[in-house]
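Asker: Below: one structure in structure tokens.
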């Protein structure tokens, strides 16, 4: 048995056992303190409308990391009391291990607090309401900023842990010696990724899109479901998902139907014969929208917008509170106007007129109005 092993065994004599008992007692005390901290969180977050979402999110997210962090802090606090009872071999090893566990637990706790804050804000500023512009702004900013901060914290924590080991320090020194070449290579390789991160920060600040915005991208209609630092997920009306790099919304034009408000004006086109009574259809349109639960009571009208050699074009317009409601209103208007024309003015349906002349009669028509 070598000298190091002998010293380690000797360290766990009578004084070593006492030191282990002290550290175990500190860990048990940490468990009790953990229970007290949870009780204190329940008390502090009990009450008003804002605290209720925060209370639920905190209690869901914070239990795991606190169960590790609080005992580690108590053991850390007890280390000076057992310093003399541990050998010079055991004490640095124990201190280094506790330091790493502490960094991991503290990082985990901080990330849990970030998640709890995001959940509480998302529950308080719900996007399920029709007029949710303010909520969508806040939720979008919080989600993107939480991801940025979490990424930075994890990278810093990883660096702190790796710096505890001498081999990694030497590796870092070697990398710094060739920093010029490595920097160029990494810069070229990460150019697109860094561009996405910068675009994500830009979108978080300027907000051309927000969570739950109604957008038209790649020719599809959908809702912004998720915004990350590098990509955006758009939920299409037929439940498909379009995943786009976040730079797409910075570099390319797109339609945002809820940029300032969710209310919209929709159009319905009808192609009918010249003989149709436009005033009657205009009155019928107002009757349809006034009886509809989808109309918001703001805009409704019907105009002749075009005339060809065969038909005239009627454009009916109406407004609704949001895009899905407007779609249902447009379909309702189209169905009922077509049924009204077919029932009351069937002769006004599009008709193909033909002029036929008898041979040698000098152009006298012998028939017209062919269907």
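Asker: Hey, any idea what the orientation-averaged projected area of the convex hull of region 264-348's Cα atoms comes to, in nm²?
Answerer: One quarter of the hull surface, i.e. the mean projection, equals 5.0 nm².
Asker: Here is a further query. Past the 18 angstrom mark, what percentage of all C-alpha to C-alpha distances in region 286-330 do you count?
Answerer: Of all Cα-Cα distances in region 286-330, 36 percent exceed 18 Å.
Asker: If I stretch the segment between residue 39 and residue 161 completely, what's the gain in nm (0.36 nm per residue apart, minus their alpha carbon distance), one decimal?
Answerer: 40.8 nm
Asker: For region 209-256, take the convex hull of the Cα atoms, compute a quarter of its surface area, and give me that in nm², please.
Answerer: Computed as one quarter of the Cα hull surface, the answer is 2.8 nm².
Asker: Ranking 327, 237 by Cβ neighbours within 10 Å, fewest first, what do you get?
Answerer: Taking fewest neighbouring Cβ atoms as first place, the list is 237, 327.
Asker: How far, in nm, would the chain grow between residue 24 and residue 235 when pulled straight, counting 0.36 nm per residue and subtracting the alpha carbon separation?
Answerer: Once the chain is fully extended between residue 24 and residue 235, it gains 70.7 nm.
Asker: Calculate the spin-label point distance for residue 269 paired with residue 331, positioning each point 7 Å from the Cα along the beta-carbon direction, and give it in nanometres.
Answerer: Calculated label separation equals 2.1 nm.
Asker: When the chain is fully extended, how far beyond the present Cα-Cα distance does residue 261 get from residue 77, taking 0.36 nm per residue of separation?
Answerer: 60.7 nm
Asker: So how do 312, 209 line up by other beta-carbon neighbours within 10 Å, fewest first?
Answerer: 312, 209
Asker: Which of the three applies to region 225-291, rounded, prolate or oblate, going by the alpha-carbon gyration tensor with a ≥ b ≥ c and a/c under 1.5 meaning rounded?
Answerer: Prolate, since a/c reaches 1.5 and a/b exceeds b/c.
Asker: How far apart, in nm, are the 7 Å Cα→Cβ label points at residue 248 and residue 100?
Answerer: Result for the modelled spin labels: 4.2 nm.
Asker: Given R₀ = 22 Å, FRET efficiency for residue 153-residue 205 by Cβ-Cβ distance, to 0.05?
Answerer: E(calc), rounded to 0.05, equals 0.60.
Asker: For residue 216 and residue 59, what is the calculated FRET efficiency with R₀ set at 30 Å and r taken between the beta-carbons, to the nearest 0.05?
Answerer: 0.15
Asker: Can you put 283, 309 in order, fewest other beta carbons within 10 Å first?
Answerer: 309, 283
Every number here is computed from the coordinates shown, using simple stated rules; none is lab data. Just so it is clear, the structure is predicted and the values come from calculations on it, not from any experiment. With ideal geometry, Cβ positions are generated from the backbone for all residues, glycine too; neighbour counts draw on all protein chains shown.
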